[in-house]
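For reference, the structure discussed in these notes is given below.
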Amino acid sequence: MDYWQYVSQVPHDGDSTYLEGSYGTFNVNVANVALGPGERIVAVAAALCWRNSYSAFGQGFLRVGAAMQSTNSFYVPPTYDTNYVLARTVPGTTRAWLKADLDAALVGGNVNGGYGLRCTQAGVHVLLHTPPVVPLEPKEQAMNFQAMEPLTANGSDQPVEVPRGATLVVHPLAANVEVRDVAGGTAKLTIPADSMVMLGPSYGQTVYLKATAGTVIELAVT
């Protein structure tokens, strides 16, 4: 992703407008870098589009505060070309880039010999890491829901055989139901009236249900 503040038009207009001098500093105001979830700034690259109109040797630089990172001094070609200063961390530090650092960034060029160094564009590239978007796919599982004949309570423990691996769904109407693992034993669970509870998975055992006589208990396995 690129954010640019140009010295002149986009694209540059060559020698119609330019900056030239023995020392130039161009303050680049970076557009708002709105980071999305998980995004981070990987690096910042200063960019100078310049040419040599006479005999200049120069170097480009990227500066934040007093710290500066620059290219080596080299002969700038007579036709416009873009050179970059890539900084993976804030110049002079090992710290990752923040938006505040970009706001304070200076992009410029030095003339180290001769004269006639002309810049028609200056800016920065902001390299962002955007994590891939992985769509969530819902899991589809068969319910295997199978209704059983309702049980009408007679006031005593009544057996219900549950197939191995199945889950028993118990829905008592009008009265509570007590659940036992053996007939006449202590109730392991009391299911309130008009509640639905799932018991299981089963190891192939029989459960015993007890409710007030006449209570209808709806059953199903899944």
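The values are calculated or read from the model by the stated rules, or taken from the named source; none is laboratory data. Since this is a predicted model, take the numbers as computed values, not measurements. Backbone-built Cβ (ideal geometry, glycine too); neighbour counts: all protein chains shown.
Say we look at segment 199-222 and pick out the residues that are farther than 17 Å from N154 by Cα and part of a loop (DSSP other than H, G, I, E, B); which of these is modelled with the lowest pLDDT? So that I can check it myself, show each step before the final result.
Of segment 199-222, the ones farther than 17 Å from N154 by Cα are 199-206, 220-222.
Subsequent filtering for residues that are part of a loop (DSSP other than H, G, I, E, B) retains 200-205, 222.
On the way: G200: 81, P201: 88, S202: 88, Y203: 88, G204: 89, Q205: 88, T222: 87.
Restricting to residues being farther than 17 Å from N154 by Cα and part of a loop (DSSP other than H, G, I, E, B), the top hit is G200.
Residue pairs, Cβ under 7 Å, 6 or more apart or interchain, first in segment 177-193 and acidic (D, E), second part of a strand (DSSP E or B). List them.
Listed pairs, sorted by first residue: E178/T190; E178/K210; D181/V207.
Among the listed residues A211, A104, identify the single one that is in the same structural domain as R63 (by TED's automatic domain parsing) and more than 30 Å from Y54 (Cα to Cα).
On the way: A211 fails: in the same structural domain as R63 (by TED's automatic domain parsing).
One residue alone meets the criteria, A104.
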